[in-house]
Amino acid sequence: MATVALQSLRKSFGKTDVIHGIDIDIADGEFIVIVGPSGCGKSTLLRMVAGLETVSSGEVQIGGRRVNDVEPMDRDIAMVFQNYALYPHMSVFDNMAYGLKIAKVPKPEIAERVETAAKLLQLEPYLQRKPRELSGGQRQRVAMGRAIVRKPAVFLFDEPLSNLDAKLRVQMRLEIKALQRELGVTALYVTHDQVEAMTLADRMIVMNGGVADQIGAPLDVYANPATEFVAGFIGSPPTNFLDAALVGEQGGRIGIRPEHIRLDAAGRLTATVGYAEALGAETLVHLRTEDGTQITVRQDATLPIPGEGESRGLVWESASAMRFDAEGRRVAAG
């Protein structure tokens with residue numbers, strides 16, 4: 001197992017800067033999720049750790065060793081990709097064993113490692129099958145098994161669940177978390193899915209245009225977003241944003257999460273109901289204010305669902321409102 005340190009890490013493609021100085025110390029056994037929208041630099045950051053992208057400036061350390069100029073195969077890392085990257089003509093056993101064979105690991109040890117990983121991943125019945133005979137989730141397990149048998153110091157995951165359906169994604173992320181805990185291995189995981197980030201991470205790096213807007217534990221980031229971008233990206237449905245002037249306050253913007261607003265005749269603001277989504281345990285009510293601002297309210301399913309076109313007041317506690325300045329930075333309360 002190993003620590004990972006990124007120190008003032010930057011990446012440029014020609015004159016275009018894509019990573020603008022990332023600093024983080026990752027503890028041995030910690031699960032870090034790098035999350036953000038497409039094009040924010042999250043996969044580039046992961047590939048720099050893997051050695052698949054060169055570092056323009058700054059430093060990558062794995063286990064206290066500077067690895068900027070170390071080949072990927074010598075970094076003691078294993079990477080799991082979005083597309084599985086399995087050899088279609090090989091059995092599951094041979095796919096998992098291939099890297100060990102190339103490294104000239106003795107056959108008895110290869111067999112032991114593969115069988116141990118297969119048991120861990122519930123792949124024992126499938127070791128002689130070809131990838132085409134497996135489901136998407138089983139193929140992803142094989143890709144993970146291929147990484148596990150190498151006994152790396154660091155696991156790197158590049159959107160590994162993107163090709164799976166919604167139900168299987170939930171199952172697989174639970175399995176990945178349990179597996180990482182059982183192995184005790186340090187992991188960096190890239191995703192655009194903020195639900196994955198919230199459920200998997202010990203800490204998350206929220207990327208925005210090549211910048212780490214915020215690094216922290218998921219619930220801390222959710223409760224105390226450092227920027228307007230983080231407040232809007234982390235959380236589903238996203239935070240509602242209002243111009244401060246709309247509710248009689250001075251300057252900047254106000255962010256209020258949907259669960260912190262309730263419909264009440266004596267509201268601070270009035271809005272018209274567009275439509276409501278009854279989701280079983282909860283209802284999402286979508287409204288529009290007079291100036292065209294969209295507002296989403298999350299309410300308990302036991303409450304009455306307002307009809308389309310109805311005018312409703314909106315109420316929230318002042319303490320739940322997040323304030324942001326003109327540059328999108330969080331402003332302390334008071």
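Details
- Separation in nanometres of the label points that stand 7 Å from Cα toward Cβ, at S236 and D300: 2.4 nm
- For the chain, the longest principal axis of the C-alpha atoms and the axis of helix 107-120 are separated by about 20°.
- Rounded to whole Å, the principal axis extents of the Cα atoms in region 1-66 read 35, 25, 19, largest first.
- With respect to the chain, whose longest principal axis is taken over its alpha-carbon atoms, helix 166-183 is tilted by about 60°.
- Percent RCO, i.e. relative contact order, over the chain, from Cα pairs under 8 Å lying at least 6 residues apart: 17 percent
- The residues packed around V331, meaning those with a beta-carbon under 10 Å from its beta-carbon, carry a net charge of +3 if Lys and Arg are +1 and Asp and Glu are -1.
- Within-11-Å neighbourhood charge of G255 [Cβ basis; K, R +1; D, E -1]: +3
- In sequence order, calculated HN-Hα J values of region 20-32 (Karplus, 6.51, -1.76, 1.60; Hz; x Gly/Pro): 10, x, 9, 10, 7, 10, 9, 6, 4, x, 7, 9, 9
- Computed log₁₀ I(q)/I(0) - Debye formula, equal Cα scatterers, no solvent, region 1-142, q 0.09, 0.13, 0.22 Å⁻¹: -0.37, -0.73, -1.27
- Listed peptides 66-73, 232-239 by packing density, highest first (mean Cβ within 10 Å): 232-239, 66-73
- Here region 209-334 yields Rg over Rh of 0.98, to two decimals, using C-alpha coordinates and the Kirkwood radius.
- Counting every alpha-carbon pair across the chain, the share separated by more than 26 Å comes to 57%.
- Packing around the peptides 216-224, 186-194, 2-10, taken as the average count of other Cβ atoms within 10 Å per residue, puts them in this order, highest first: 186-194, 2-10, 216-224.
- Percent accessible area from carbon and sulfur atoms, region 138-204, protein chains only, probe 1.4 Å: 53 percent
- Ordering Q299, A276, A245 by the projection of their Cα atoms onto the charge dipole of region 209-334, which places +1 on the Cβ of Lys and Arg and -1 on the Cβ of Asp and Glu, puts A245 at the extreme positive end.
- Intensity falloff of region 88-191 expressed as log10 I(q)/I(0), Debye formula with alpha-carbon point scatterers, at q = 0.11, 0.13, 0.14 Å⁻¹: -0.32, -0.45, -0.52
- Share of carbon and sulfur in the accessible heavy-atom surface of region 218-330 [1.4 Å probe, %]: 50 percent
- Sum of -39500 (n - 2.57) over DSSP H runs of 4+, divided by residues of the chain (222 nm, nearest 500): -7500 deg cm²/dmol
- Antiparallel bridge percentage (DSSP; both residues within the chain; nearest 5): 75 percent
- Accessible solvent surface per residue of the chain, calculated while the other protein chains remain in place, 1.4 angstrom probe, Å²: 48 Å²
The values are calculated or read from the model by the stated rules, or taken from the named source; none is laboratory data. All values derive from a computational prediction rather than experimental measurement. Backbone-built Cβ (ideal geometry, glycine too); neighbour counts: all protein chains shown. Please note that ligands, DNA and RNA were not included when accessible areas were found on the heavy atoms of the full protein model with its side chains. Shrake-Rupley method; radii C 1.70, N 1.55, O 1.52, S 1.80 Å.
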